[in-house]
1. Using Cα-Cα distances under 8 Å and only pairs 6 or more residues apart, what relative contact order does region 4-96 have, in percent?
2. For the chain, what is the mean residue ellipticity at 222 nm derived from helices alone (per DSSP H run of n ≥ 4: -39500 (n - 2.57); sum divided by total residues; nearest 500 deg cm²/dmol)?
3. Order of 16-22, 78-84, 30-36 by packing, highest average Cβ count within 10 Å first?
4. Per residue Cα convex hull volume for region 1-50, in cubic angstrom?
5. Cα gyration tensor of the chain, axes a ≥ b ≥ c as square roots of the eigenvalues: rounded (a/c below 1.5), prolate (a/b > b/c) or oblate?
6. Treating only the Cβ atoms of Lys and Arg (+1) and Asp and Glu (-1) as charged, compute the dipole magnitude of region 14-105 about its Cα centre; round to the nearest 20 debye.
Amino acid sequence: MAKYEQVYSDWEYLFKELAYADDMTGGYVDSEDLDKLLKKPSKATAKRILLCQIDYWFSKGIEYSEEHKGKSIFDLIEDYPRIANVAENYSIDLDGCPRNFVGSY
């Protein structure tokens with residue numbers, strides 16, 4: 001299993017370099033993550049949260065942007081090859097990603 005630093009680096013790449021997962025404050029309710037972290041502030045807790053968010057990113061897709069509008073996960077991988085590496089790190093099946101990977105307004 002990946003170390004915390006690798007998990008954080010992968011999360012940072014997906015969420016900060018590319019885009020946040022679609023509907024992070026509705027469908028995912030990321031404020032619950034903060035509650036978990038405040039109850040048990042540790043790298044282990046933070047790592048579990050990051051892993052859940054990475055999984056959600058691939059399962060939900062990303063928030064809307066004109067730059068990525070209409071792209072699939074495979075289109076994004078052409079532009080950002082590290083996405084495939086991140087998916088591999090966590091045994092994520094890219095064929096299971098949403099067909100319309102970029103959210104809409």
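1. This gives 35 percent for region 4-96.
2. Working: 5 runs with 51 residues, N = 105.
The per-residue figure over the chain is -14500 deg cm²/dmol.
3. Order by mean packing, descending: 16-22, 78-84, 30-36.
4. Values: hull volume 3.8 nm³, N = 50.
Normalising the Cα hull of region 1-50 by residue number yields 75 Å³.
5. In terms of gyration-tensor shape, oblate.
6. 520 debye
Every number here is computed from the coordinates shown, using simple stated rules; none is lab data. Bear in mind the structure is a predicted one, so any value in this text is a computation, not a measurement. No Cβ is skipped: glycine too gets one built from the backbone with ideal geometry, and neighbour counts run over all protein chains shown.
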